[in-house]
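Peer 1: Quick one: the structure is below, and I'll ask about it shortly.
The values are calculated or read from the model by the stated rules, or taken from the named source; none is laboratory data. Just so we're clear, the structure is a prediction, and the values are computed from it rather than from any experiment. So basically every Cβ, Gly included, is an ideal-geometry build from the backbone, and we count neighbours across all protein chains shown.
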Amino acid sequence: MPRTSPEQVAGWLAEALETGNPLAPLPAGAEPAGVAEGERVAALVLEALGLAPCGLRTVPGPEGEALAGPVLEGRLLPDGASVALAAVRHAAVAPGVMGVLAEDLSPDSGGTSPVFSAVHPILDVSAWRLREPPASAGLAAADLSGHGYIVAGRGKRGVAMGSLPVGMAPAGARRRPEARDVGAAMLAAAEAARRAGGLPRGA
């Protein structure tokens with residue numbers, strides 16, 4: 001039996017993304033063989049739907065490794081927006097930080113920290129097109145690294161990239177933020193974006 005092609009897998013994921021219907025488990029041998037192939041499938045998904053990423057997010061993968069995936073403009077929500085979590089498949093919410101590029105991030109500028117015009121606190125709502133959450137990094141990368149929605153808070157200018165407090169809590173409850181090395185995370189995200197071809201100013 002011929003192996004299922006990345007284009008076929010991308011077509012199934014694209015249909016699931018467009019319709020909101022869950023994708024059943026893939027046939028034997030159809031799962032992407034590693035993160036690189038999964039990222040290729042994700043790119044084919046966006047190509048099939050005529051979508052272009054407006055940014056890049058990094059998240060922990062199912063095996064503990066960091067995954068990089070696209071951010072879609074229609075899923076980037078403003079401060080105060082609400083998300084009906086019951087309608088999001090396998091939803092999980094995590095606090096984070098988002099930077100807005102002050103200048104183009106070119107593929108040949110590797111090793112240098114990106115320059116941001118503003119930094120926003122965010123809530124990252126992960127979601128999967130798959131009926132069951134992926135167990136492998138390759139399949140997770142193919143499913144847009146679990147991109148659901150991002151709710152961005154008000155931006156701040158002149159924030160030094162380093163260790164920053166990051167946390168969340170229900171409305172009315174006291175937040176207990178934890179210090180995170182945001183500078184290192186932003187550099188890792190920038191390197192992933194450079195490998196993918198870079199990003200324009202404002203992304």
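Peer 1: State the number of residues belonging to the range 5-29 that are crowded, with 16+ Cβ neighbours inside 10 Å and in a loop (DSSP other than H, G, I, E, B).
Peer 2: 1
Peer 1: Turning to a different aspect of this structure: How many of the residues making up the range 140-196 are part of a helix (DSSP H, G or I) and without any contact (Cβ under 8 Å) to a residue 12 or more places away in the chain?
Peer 2: Matching residues across the range 140-196 total 1.
Peer 1: Same structure, new question: I need every pair where a residue in the range 102-115 that is under 12 Å from Pro200 (Cα atoms) and in contact (Cβ under 8 Å) with a residue 40 or more places away in the chain has its Cβ under 8 Å from the Cβ of a residue that is of a type outside the set (Phe, Trp, Tyr) and assigned to a strand (DSSP E or B), sequence separation at least 6 or different chains.
Peer 2: Note: pairs meeting the criteria are Ala102/Ser117; Asp104/Leu199; Leu105/Leu199; Pro114/Gly99; Pro114/Leu101; Pro114/Leu105.
Peer 1: Pull out all pairs, ordered by first then second residue, where Cβ-Cβ is under 6 Å, the residues are six or more apart or on different chains, the first lies in the range 1-30 and is farther than 17 Å from Leu44 by Cα, and the second is of a type outside the set (Lys, Arg) and not in a helix (DSSP H, G or I).
Peer 2: Here the result reads Arg3/Gly29; Pro27/Thr4, each pair linking the range 1-30 to a residue that is of a type outside the set (Lys, Arg) and not in a helix (DSSP H, G or I).
Peer 1: Answer yes if at least one residue in the range 71-86 is hydrophobic (A, V, I, L, M, F, W, C), within 15 Å of Glu191 (Cα to Cα), at pLDDT below 95 and crowded, with 17+ Cβ neighbours inside 10 Å, and no otherwise.
Peer 2: no
Peer 1: Okay, moving on. Any residue at all in the range 84-95 that is closer than 30 Å to His120 by Cβ, of a type in the set (Val, Ile, Thr) and touching a Phe, Trp or Tyr at 6+ places or on another chain (Cβ under 9 Å)? Don't jump to the end; show me each part of the working.
Peer 2: Step one: filter the range 84-95 for residues closer than 30 Å to His120 by Cβ, giving 84-95.
Keeping just the survivors that are of a type in the set (Val, Ile, Thr) gives 88, 93.
Retained after the next criterion (residues that are touching a Phe, Trp or Tyr at 6+ places or on another chain (Cβ under 9 Å)): 88.
Yes: one or more hits.
Peer 1: I've got another one for you. Output the residues belonging to the range 104-116 that are under 20 Å from Gly162 (Cβ atoms) and not aromatic (Phe, Trp, Tyr).
Peer 2: Across the range 104-116, the qualifying residues are Leu105, Gly111, Thr112, Ser113, Pro114, Val115.
Yes or no, residue by residue, for (1) buried (at least 20 other Cβ atoms within 10 Å of the Cβ); (2) under 24 Å from Leu49 (Cβ atoms); (3) of a type in the set (D, E, K, R):
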| position | (1), (2), (3) |
| --- | --- |
| Pro95 | no, no, no |
| Glu103 | no, no, yes |
| Ser109 | no, no, no |
| Val125 | yes, yes, no |
| Leu130 | yes, yes, no |
| Ala141 | yes, yes, no |
| His147 | yes, yes, no |
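Condition check ((1) assigned to a strand (DSSP E or B); (2) in contact with a Cys (Cβ under 8 Å, 6 or more places away or on another chain); (3) closer than 22 Å to Ala42 by Cα; (4) polar (S, T, N, Q)) across all residues:
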| position | (1), (2), (3), (4) |
| --- | --- |
| Pro95 | yes, no, no, no |
| Val100 | yes, no, no, no |
| Glu103 | no, no, no, no |
| Ser109 | no, no, no, yes |
| Thr112 | no, no, no, yes |
| Ser117 | yes, no, no, yes |
| Pro121 | yes, no, no, no |
| Trp128 | no, no, yes, no |
| Pro134 | no, no, yes, no |
